[in-house]
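The values are calculated or read from the model by the stated rules, or taken from the named source; none is laboratory data. Keep in mind it's a predicted model, so treat the numbers as computed, not measured. Cβ placement follows ideal geometry from the backbone for every residue including glycine, while neighbour counts extend to all protein chains displayed.
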Amino acid sequence: MAAANEAQEAYWNDVAGRTWAALQDRIDRQIRPLGLAAMDRLAPAAGETVLDIGCGCGDTSLELARRVGPEGGVLGLDISAPMLEVARGRAEAAGAHNLAFREADAQTAALPGGRDAVFSRFGVMFFADPEAAFANLRRSLRPGGRLAFVCWRPLPENLWIHLPAEAAAGLVPPAPPPEPGTPGPFAFADPDRVRRILAEAGFTGIEISPHDEAIGGLDLEGTVGMSVWRGPLGAILRERPDLAPVLHDRVRTAVSPWLRGDAVYMPSATWLVSARNPG
Ligand SMILES: C[S@@+](CC[C@H](N)C(=O)[O-])C[C@H]1O[C@@H](n2cnc3c(N)ncnc32)[C@H](O)[C@@H]1O
């Protein structure tokens, strides 16, 4: 494996990858609608070939495989061995014969050419050199081939993460905000940066539109559990497990107002991005 994204490779093969693998069903329930919004924009057709970049545990790869049908094919690419293990198990259980997975860095991997489409649900914000990565992805597309992905807008607009994170205020010193553009979930929060990267990588027809949707679907305790197991709160609890009771209480208070019936739904804010390979 190339060393281009060594830190991310370590991260997604260690605690993050194992956490996502363990919680994937619940994570999918939360973010599935956002991936489907990007997939509708991609509009994969029967018989097409699609790459799913940063496919993780394969939820979107399976849906893409369903949409392209037995005459089409999907290749899911990821750097996380534990997440790919889940993805392969799911594909086997589903009998998806038009779906394969490969452990590789999308920035540097030699990709198959002539693909109809490249897709990603939150898997393209982690590249050390995003221009090089997207140029690599573009070269895998046939002339006229399409790209579509979904990525996060700024953290404060994503109340579903922001409010639980704020609940930890005062318990531990706040982590310094990442430098804008540093690889990570919010690296593509600035749409002008995304446009520049894609243009430099040779894409045309770049369209970036905001998508706002309340997401969740877990009950109150499930939502509290998810909020404290992953992301910034997960990192705090790994350092200070003694804070678990107070953090749970604070997060429960923060998310309770968003309980609708027996499930919590909170605002999310994403960009739906699409572009074309001119050839
Ligand atoms: C936020 S997770 C999203 C996973 C999946 N797309 C989903 O929505 O469930 C980001 C994924 O990108 C993968 N990733 C990060 N950098 C990558 C790279 N350079 N090449 C391939 N995959 C990468 C991670 O291993 C992880 O699975």
Taking A244, is it assigned to a loop (DSSP other than H, G, I, E, B) and not polar (S, T, N, Q)? no
Residues located in segment 231-257, provided they are touching a residue at least 60 places away in the same chain (Cβ under 8 Å) and under 15 Å from L163 (Cβ atoms): G231, P232, L233, L247, R250, V251, T253, A254, V255
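Those residues that are among the charged types (D, E, K, R) and in contact (Cβ under 8 Å) with a residue 40 or more places away in the chain, I need them from segment 33-58; list them, please. I'd like the intermediate steps shown before the answer.
The first filter runs over segment 33-58 and keeps only residues among the charged types (D, E, K, R), leaving 40-41, 48, 52.
The answer is R41, E48, D52.
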For the subset of segment 55-75 comprising residues that are more than 15 Å from the ligand (Cβ to nearest atom) and part of a helix (DSSP H, G or I), which member is surrounded by the fewest Cβ atoms within 10 Å (Cβ to Cβ)? R66
I'm told D78 meets every condition in (1) within 10 Å of the ligand (Cβ to nearest atom); (2) at pLDDT below 95 except one. Can you identify the failing condition by its number? (2)
Identify, please: which residue in segment 102-128 is away from the ligand (no atom under 11 Å from the Cβ) and assigned to a strand (DSSP E or B) and is, among those, nearest to Q24 (Cα to Cα)? V118
For R41, only one of the following conditions fails: (1) near the ligand (Cβ under 10 Å from one of its atoms); (2) touching a Ser or Thr at 6+ places or on another chain (Cβ under 9 Å). What is its number? (1)
